[in-house]
Amino acid sequence: MTARLRPDAVLIQAVIAGALSFAHLHDLAAAAGQDGWKAWAYPVSVDLLLVAAWRRMRTDAENRDAWLWFAIALVASLGANVATAGLLDLNDVPAWLRILVAGWPALAFLGGTLLAHAPAPAPSQDPGPVAAEEPEVVADLIVERAPEPAPELPPAEPEPPAEAPALDPPMPAIPAPPVPPALLDHARKIADAHRAQTGTAMDSATLRSRLGVSEALADSITLALA
């Protein structure tokens, strides 16, 4: 099967525009004193610089040099189209235009070299989503041990019977100290005087304070006077 050629309006328009621009650049170069093959080389130089700048812009849109050289080539092409439309007398080209045409090869060579050797844009450093590593599954190891025999305990010894707490022996009775007869007579006088004044018998504490004797002796005197 043979592929059929289908007419493309955009492609046809590009061919017509390129041919007209090529002819205008040739006519301007020839009017500026570039005759022969040199007049045909100027349109090629301008179009090649325009294409090189456009390709650099496609790969690196933020490259300012590409935009600059694209604008220079576009101005050169549009300038030739406008100048050859009757606004410029091609039989009497001004000196400044002759200078621009003569200096164009060096300018186009500089632009083409810079565009061809411009560093390529650095690739993106984004590594993208990193797949999460699955944790390594470790099988649980179950170690079975043989049951150890329980240690034999010695037989329990019988507890001794609880001994009753020893009771404190009773305190021996302390015999009452003997009372001298003279002290007993003196105590009887004091007790009588106390009874006469108060109408009550004198107790052991009062008798002890009056006589200045010990508690045991006072108790013995009180018993003797009773």
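Odds and ends about this structure:
- The simple spin-label model puts a point 7 Å past each Cα toward its Cβ; for TRP67 and LEU211 those points are separated by 13.7 nm.
- Cα-based shape type of the range 11-60, given that a ≥ b ≥ c are square roots of the gyration tensor eigenvalues and the cut on a/c is 1.5: oblate
- The value of relative contact order for the range 1-116, using C-alpha pairs under 8 Å at least six residues apart, is 32 percent.
- On the beta carbon distance between VAL75 and ALA116, with R0 = 22 Å, the FRET formula returns roughly 0.55.
- Between the beta carbons of ASP92 and LYS38, assuming R0 = 22 Å, the FRET efficiency works out to 0.65 to the nearest 0.05.
Each reported figure results from applying straightforward, stated rules to the coordinates on display, with no laboratory input. Remember, predicted model here, so these are calculated numbers, not experimental data. Methodologically, a virtual Cβ is constructed for each residue, glycine included, from the backbone with ideal geometry; neighbour enumeration extends over all protein chains shown.
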